[in-house]
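To start, the structure itself, in structure tokens.
The values are calculated or read from the model by the stated rules, or taken from the named source; none is laboratory data. In this text, all values refer to a predicted model and were calculated from it rather than measured experimentally. Ideal geometry is used to build each Cβ from the backbone, glycine not excepted, and the neighbour counts take in all protein chains shown. For the accessible areas, the whole protein counts, side chains as well, though only heavy atoms, and no ligand, DNA or RNA atoms are used. Shrake-Rupley method; radii C 1.70, N 1.55, O 1.52, S 1.80 Å.
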Amino acid sequence: MSEGVLLVGIGNEWRGDDGVGPWIVDRLRDLALPGVRTLWAAADGLALLDAWRDAGRVYVFDALRDAAEVGEVLRVDALRQSLPTASNYSSHAFGLAEAIELGRTLGQLPAGLIVIGIEGRCFDMGKGLSPEVEAAAKGLVETLRAELAEDCVKDPLSLL
Amino acid sequence: MPTRTINVDYIARVEGEAALHVSFDGDTISKVELNIFEPPRFFEALLRGRQFTEAVDITSRICGICPIAYMLSAAQAMENACGVRVEGPIRELRRLIYCGEWIESHVLHVAMLNLPDFLGYADAMSMAKDHPEPVQTALRIKSIGNRILQLLGGREIHPINVRVGGFYKLPPVERFMALRGEIDWAIAATRRLLELLAGLHYPDLVTTHELFALRHPDEYPFNEGRLASTGGIDVGIEDYERVLGEHHVAHSTALHSRRVDLADAGTICLGPAARFALNRERLSPLARAAVTEYGLEEAWRNPYRYIQIRTVEVLFALEESARIIDAYRPFDRPWVEVVPRAGTGYGCTEAPRGSCFHRYRIDDQGLILEAKIAPPTAANQAAIEGELRRFLEGNGQRPDDELRHGCERLIRNFDPCISCAAHFLQFNIDRRGGVRP
């Protein structure tokens, strides 16, 4: 049975703003909200199909590049809308969008799937977020804290 | 003189980036070059001056799909340099983690990258709409490979628990046993996959490459054996470079391999077909039975049938995993102490794509003085070019789109991992002298 909320952070914390997904997920994990699991995902999009198999609702946080203004946040309900996919892929590069589309085809998407992208500035080697990205990430943590807490109050059983 | 150029910007469903340049001069093909433009990665140079214990984790980074091959070849080479042999349960667990890597890599290639060619789809995504079952099955089998790597390696991509001498620590026995039910399911599922593959159409093709792989007297090789070939080579791995050598070609950042002990030797090929050709008598019982049932004894001669051989190897890896887990008993200290000494060590294990050879020279403090790494895909480049040339020679009158698709399909049979080799695919055809479809 599908249960609870899964928060997935995609990215590499050692490549600047690429680490914004894991950064957000770590902070939400520290809040220890009931019924909320977290996961860092690195490179294998296909592994996500497995990871969200038992989750009721999934939030995926990932860095964007050349899709918006730096620090801008885009939120996509992936059950209603497709993400743009790369025209080529391999098992080295089977990304989030491909995993979602394959999951859609195979009927292996969770009951809720929200993808949240944050436009980055710098993807060079090294740890740490750009100021605009960190500000956006902090805002998202607050938004999600409220959103997840509200869910707990509204329907506590749904998050068990 | 009319010239015709066809460009394919990229060959999909292979690992990495390369281009194929084809020139026709009249009816004759004047050039077939697989141009690998992945940037060189300089691993051999950056290993120099590092501690012998670091090579395992550094070389792991060569490939996200087959890190275990690099880690275990490096570990074995360092142990060899220091006069240590790793036996018993540690050796068994090294085979188990290798099973995970083969399962993960092979099943992805079979179902997601290669099967669409046989069923007539552009990719796995479109194939899954009409044929969801093999994709679902493959993803579930793949997750077993992932779980084995997580269990023993700490994580599935670039594992962190492998060291010179063995492993840093081992998980509790219950976590091994938790995999058993799923492995039994996967064994049955892989047999169904073989049945599906048996019903596909395979173009006729017989290759003449000399196939090289490790050969072991008692087991289907992952982690140990002598270097053998279908041409009669049978040497210890310390003699690898007396037999096979890499040489630079101007059109590729991957080095090509060839026999260095024979001036007029033909092309060579590593990988599942080579392992199968040289070791199939030592497959596990159900894998061996499948070879007989589906008439695969000679499948290693036809690259289009490599998909079946990979699937037989998945079945083998699953049976081997079950055997190792069933025999597993907890033990103390999962590593052997390895004290550095000055010398040269050799390691060679069987990556999913073929023999992965390492040689290191270290000093008495364990500092690496010299490193040599021969990844399997590089070794296969000349063989792939040879097959492309044969294909194009027989099909020059066909439309460019057909040629492009045919070339891509042929290349995918070999499952090249360009990222490892670089050191794929823009497709250019020049037609001079009026050969036009």
Ranked output for segments B:269-278, A:106-115, B:108-117 by mean other Cβ atoms within 10 Å, highest leading, reads B:269-278, B:108-117, A:106-115
At 7 Å along the Cα-to-beta-carbon direction for both B:H247 and B:L262, put a label point, then send me their distance in nm to one decimal.
1.5 nm
The FRET efficiency for A:E3 and A:V70, from their Cβ-Cβ distance with R0 = 41 Å and rounded to 0.05, is 0.65
Starting at the first residue of segment B:397-409, write each ³J(HN,Hα) from the Karplus equation 6.51 cos²θ - 1.76 cosθ + 1.60 with θ = phi - 60°, in whole Hz, x for Gly and Pro.
7, 6, x, 4, 4, 5, 4, 4, 5, x, 5, 4, 5
Average projection area in nm² (convex hull over Cα atoms of segment B:162-307, one quarter of hull surface)
12.5 nm²
Translational diffusion coefficient (Stokes-Einstein; Kirkwood radius from C-alpha pairs) of segment B:80-129 at 10 °C, 1.306 mPa s, in µm²/s
118 µm²/s
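Need one number: % antiparallel among DSSP beta bridges in the protein assembly as shown, to the nearest 5. Mind showing how you got there, number by number?
Numbers: 44 of 76 bridges.
Within the protein assembly as shown, antiparallel bridges account for around 60 percent of the total.
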As a Kirkwood estimate from alpha-carbon pairs, chain B has a hydrodynamic radius in angstrom of 22.1 Å
Can you give the accessible area of B:H131, probe radius 1.4 Å, in Å² rounded to 10?
70 Å²
From other protein chains only, count the Cβ atoms within 10 Å of every residue's Cβ in B:142-152, then give the mean.
2
Rg (Å, one decimal) plus Dmax (Å, integer) for the alpha carbons of the protein assembly as shown?
24.6, 78
Where B:K372, B:K142 fall by accessible area, highest first, once all protein chains stay in place (1.4 Å)
B:K372, B:K142
With each label point set 7 Å from Cα along the Cα-Cβ vector, what nm distance links A:D30 and B:R50?
3.2 nm
Put +1 on the Cβ of each Lys and Arg and -1 on the Cβ of each Asp and Glu in the protein assembly as shown; which of A:V60, B:G406, B:A287 then has its Cα farthest toward the positive end of the dipole?
B:A287
Starting from segment B:137-239, pick out the chymotrypsin sites (Phe, Trp or Tyr not before Pro) whose DSSP state is loop and whose Cβ has at most 16 other Cβ atoms within 10 Å.
B:Y168
To the nearest 0.05, how large is the calculated FRET efficiency for B:W185 and B:R91 if R₀ is 30 Å and r is the Cβ-Cβ distance?
0.65
Among the chymotrypsin sites (Phe, Trp or Tyr not before Pro) within segment B:26-102, which fall in a DSSP loop and have no more than 11 other Cβ atoms within 10 Å of their own Cβ?
B:F42
Would you calculate, for the protein assembly as shown, the mean residue ellipticity at 222 nm contributed by helices, counting each DSSP H stretch of 4 or more residues as -39,500 (n - 2.57) and dividing by all residues, to the nearest 500?
-12500 deg cm²/dmol
Evaluate 2.2 N^0.38 Å with N set to the residue count of segment A:56-146, then give the Cα radius of gyration divided by it.
1.17
Amide H of A:R15 versus every other amide H placed in the peptide plane: which residues, excluding those fewer than 5 positions away on the same chain, fall under 5 Å?
A:G126
Rg and Dmax in Å for segment B:55-193, alpha carbons only: what are they?
16.9, 55
I'd like to compare A:45-53, B:305-313: which one has the highest average count of other Cβ atoms within 10 Å, and what's the full order after that?
B:305-313, A:45-53
GluC sites (Glu not before Pro) lying in DSSP loop within segment A:1-74, provided at most 16 other Cβ fall within 10 Å
A:E69, A:E72
Please enumerate, by chain and number, the lysines with C-alpha under 26 Å from the C-alpha of B:K169, excluding those fewer than 8 residues away in the same chain.
B:K142
Mind listing the long-range amide H neighbours of A:F61? Cut-off is under 5 Å, sequence gap 5 or more, other chains count too, H placed in the peptide plane at 1.01 Å from N.
A:V8, A:G9, A:I10, A:I116
Mind grabbing the base-10 log of I(q)/I(0) for segment B:193-276 at q = 0.15, 0.19, 0.25 Å⁻¹? Debye formula, identical points on the C-alpha positions, no solvent, two decimal places.
-0.69, -0.94, -1.24
Using only Cα atoms, what Kirkwood radius does chain A have, in angstroms?
15.8 Å
Tell me, in nm to one decimal, what length is gained between B:H405 and B:R329 on full extension, where the rule is 0.36 nm per residue of separation less the Cα-Cα distance?
22.3 nm
Ignore the peptide's own chain and count Cβ atoms of other chains within 10 Å of each Cβ in A:44-50; give me the average, rounded.
5
Need one number: the % of Cα-Cα pairs in segment B:274-387 sitting beyond the 20 Å mark.
60 percent
Average other protein chain Cβ within 10 Å of Cβ, residues A:98-108:
4
One finds, for B:D204 and B:D239 with R0 = 30 angstrom and r their Cβ-Cβ distance, a FRET efficiency to the nearest 0.05 of 0.25
